[in-house]
Amino acid sequence: MSARVALVTGGSRGVGRGVATALADAGWTVYVTGRSAERLRGTVEAADGAPGQVRPLECDHGRDDEIVAVVARIVADTGRLDLLVNNVWTNPKGFMGFNGKFWERPAGDWDALLGVGLRAHYVACCEAAKVMVPQGSGLMVNISSFGSRAPFHTVLYGMSKTALDKMASDMAHELAGTGVSTLSLWLGLIRTELILSLGMDDFNGFPLDRAEDPTFVGRVIAALAEDPSLPGLSGSTIITAEYGREKGLRNDDGEVPLSHRGAFGGGPLFPPVADQQLGIATVDEVAEAGGHNGFAGG
């Protein structure tokens, strides 16, 4: 079998670079996207000597046609696509940090945080599914956040992340039986080069020595792609620190990252907690009244 093929969006630095290099270390052929070929060069160099390889592609993920062209190029080169990692993200214009109430920020923040942070991922999934479904296999992963559950950064940030989790859940419903799976991942604090350069022991109270390396996230994704239980996980939101611990995965320095579940008040929203788990008797009042909505039992 030829090398498995992955697309990692937003791969010029941070999580994207770490995921791409970890996948290359695992033998994948990895296409990474970014707006600058120059900035993508660092990701290519980081994977130098790995069993797999990293191939850069320029792409403005604010333009649907460029996303379509990226997937078409990958298929033209390799004839397949086995993994999509939706990671691309962009700051709103003039956005310095995550301060400012929603009414103090321009409405144009929507275009970055939901245009690129959500729409671009949806478009990439649509294009990837057109390849994976006929192929009969594949995995689509959304890089999400505990901001789905708790107020975190900004209102629009939380909205986009919750939508990514719901997108994975509902896409899994429509992909059932195709051999294609979807997941959303909740990452903890990430030890990016920028954060490490600040010389701090903790970031907003989270200890940096037990935060996640970008490559750790990549190892989690590589393990999920190989996991025989993946079909049963499809549509779920996975906490990377917890899955990594279960599989014996570690940071580059050998440390085991901490889960942020408790710090943010609980776990994933999808799949939802069943009424039976809450001790609630579920009654279809619509059916009892003689109606039928088509959703009961589904």
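One line per residue, one yes/no per condition, for (1) part of a helix (DSSP H, G or I); (2) hydroxyl-bearing (S, T, Y); (3) under 17 Å from the mean Cα position of the chain (by Cα); (4) modelled with pLDDT under 95:
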{"site": "P106", "(1), (2), (3), (4)": "no, no, no, yes"}
{"site": "W110", "(1), (2), (3), (4)": "yes, no, no, yes"}
{"site": "V141", "(1), (2), (3), (4)": "no, no, yes, no"}
{"site": "G147", "(1), (2), (3), (4)": "yes, no, yes, yes"}
{"site": "M159", "(1), (2), (3), (4)": "yes, no, yes, no"}
{"site": "D165", "(1), (2), (3), (4)": "yes, no, yes, no"}
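Whenever a residue of segment 163-185 is on the phi > 0 side of the Ramachandran plot and open to solvent by 30 Å² or more (accessible area, probe 1.4 Å), its partners that are of a type outside the set (D, E, K, R) and at pLDDT 95 or above, lying with C-beta atoms within less than 9 angstrom and at least six residues away or across chains, give the pairs G179/M132; G179/V133; G179/Q135; G179/G136; G179/S137; G179/G138; G179/P231. E104: acidic (D, E) and surrounded by fewer than 16 Cβ atoms within 10 Å (Cβ to Cβ), yes or no? Considered against the rule, which asks whether it is acidic (D, E) and surrounded by fewer than 16 Cβ atoms within 10 Å (Cβ to Cβ), E104 comes out as yes. Residue pairs whose Cβ atoms lie under 8 Å apart, sitting 6 or more positions apart in sequence or on different chains, and linking a residue in segment 117-132 that is hydroxyl-bearing (S, T, Y) to a partner that is open to solvent by less than 40 Å² (accessible area, probe 1.4 Å), are Y122/M167. Residues that are of a type in the set (S, T, N, Q) and open to solvent by 50 Å² or more (accessible area, probe 1.4 Å) within segment 1-26 comprise just one, S2. R119 meets the stated requirement of being under 18 Å from the mean Cα position of the chain (by Cα) and surrounded by fewer than 24 Cβ atoms within 10 Å (Cβ to Cβ).
Residues that are of a type in the set (A, V, I, L, M, F, W, C), open to solvent by 10 Å² or more (accessible area, probe 1.4 Å) and within 19 Å of D77 (Cα to Cα) within segment 29-55 comprise A37, V44, V54, listed in sequence order. Only one of the numbered conditions (1) closer than 25 Å to T43 by Cβ; (2) in contact with a strand residue (DSSP E or B) (Cβ under 9 Å, 6 or more places away or on another chain) is violated by L194, and that is (2). Apart from one condition, W89 fits all of (1) under 22 Å from K166 (Cα atoms); (2) open to solvent by 60 Å² or more (accessible area, probe 1.4 Å); (3) part of a helix (DSSP H, G or I); (4) not polar (S, T, N, Q); the exception is (3).
The values are calculated or read from the model by the stated rules, or taken from the named source; none is laboratory data. None of these values were measured; they are calculated from a predicted model. Because the Cβ atoms are built from the backbone with ideal geometry, glycine has one as well, and the counts that use them run over all protein chains shown. Accessible surface is based on the protein model in full, side chains and every heavy atom, while ligands, DNA and RNA are left aside. Shrake-Rupley method; radii C 1.70, N 1.55, O 1.52, S 1.80 Å.
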